[in-house]
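The values are calculated or read from the model by the stated rules, or taken from the named source; none is laboratory data. Only a predicted model underlies this, so the values are computations on that prediction, with no experimental measurement involved. Glycine gets a Cβ as well: all are built from the backbone with ideal geometry, and neighbour counts include every protein chain shown. For the accessible areas, the whole protein counts, side chains as well, though only heavy atoms, and no ligand, DNA or RNA atoms are used. Shrake-Rupley method; radii C 1.70, N 1.55, O 1.52, S 1.80 Å.
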Amino acid sequence: MEPPDFRAPVDAALLASLRAWCEGGAFPTLTEPLRVASIAPHAGLDGVACVLDGSHELARLGRWRGWAWRLRILLRESVAGRVARPGDPWDCGWWRDSALGPAEKFRPRRATLLMVRELTPTAAATLLFALRAKSIVYDKPVRVLVISEAASAGVVRL
């Protein structure tokens, strides 16, 4: 994944909408390991991803308090059987348009939002097929958000 742009603006309405979509089927019990939706291009997507992944909170806390915050998160995540909570940081980033090897081997280490820039219909279908094939073993929620001008058949539109 390619990290989101930290300097992007945060749209509060978009953040609320995407957080609700991401967390649906994820908490308190994981009932939907994989969710896929599409959305029109929006300048606030990178900013929202930075809020969800904790980048903005980390910057706000400063070096040492931020380091302690990250350490607490890592310690919580390492506890066997720990259940993720709403508000925990997600891994967020852009799909690197490349070979499908990473998608076929992907296993989330924490809740993940994968944003995908508009692909050809064949490339999008292939990527989604690879992720869906492995989603049965995901123990953390994975959300795939396809950014496109037009809606795709069979994909929820946000």
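Determine the dipole magnitude for the stretch 9-158: charges of +1 sit on the beta-carbon of Lys and Arg, -1 on that of Asp and Glu, nothing else is charged, the reference point is the Cα centre, and the result goes in debye to the nearest 20.
Numbers: 21 positive and 14 negative charges, 127 e Å.
My answer is approximately 620 debye.
Over the chain, what relative contact order in percent results from Cα pairs under 8 Å that are six or more residues apart? Relative contact order of the chain: 36 percent. Placing R0 at 35 angstrom, the Cβ-Cβ distance between Ala125 and Ser78 gives a FRET efficiency of 0.45 after rounding to 0.05.
For the chain, the per residue solvent-accessible surface stands at 56 Å², with DNA, RNA and ligands left out and a 1.4 Å probe. Modelled this way, with points 7 Å down the Cα-to-C-beta line, the labels at Ala59 and Lys105 are 3.2 nm from one another. Taking each residue as 0.36 nm, the span from Ala37 to Glu2 lengthens on full extension beyond its C-alpha to C-alpha distance by 10.7 nm.
What shape does the stretch 1-60 have by the C-alpha gyration tensor, where a ≥ b ≥ c are the square roots of the eigenvalues, rounded means a/c under 1.5, and otherwise prolate means a/b greater than b/c and oblate the rest? Each step should come with its number before you reach the end.
Working: a/c = 1.94, a/b = 1.49, b/c = 1.30.
Note, shape of the stretch 1-60 comes out prolate.
For Leu71 and Ala133, a Förster radius of 41 Å and the Cβ-Cβ distance give a FRET efficiency of 0.70, rounded to the nearest 0.05.
Given a 1.4 Å probe and every protein chain left where it sits, what share in percent of the accessible area of the chain is carbon and sulfur?
Values: 5260 of 8910 Å².
The computed percentage sits at 59.
Using a probe of 1.4 Å, the accessible surface attributed to Cys92 totals some 10 Å² when neighbouring protein chains are kept in position.
Sorted largest first, the principal axis extents computed over the alpha-carbon atoms of the chain equal 46, 35, 28 Å.
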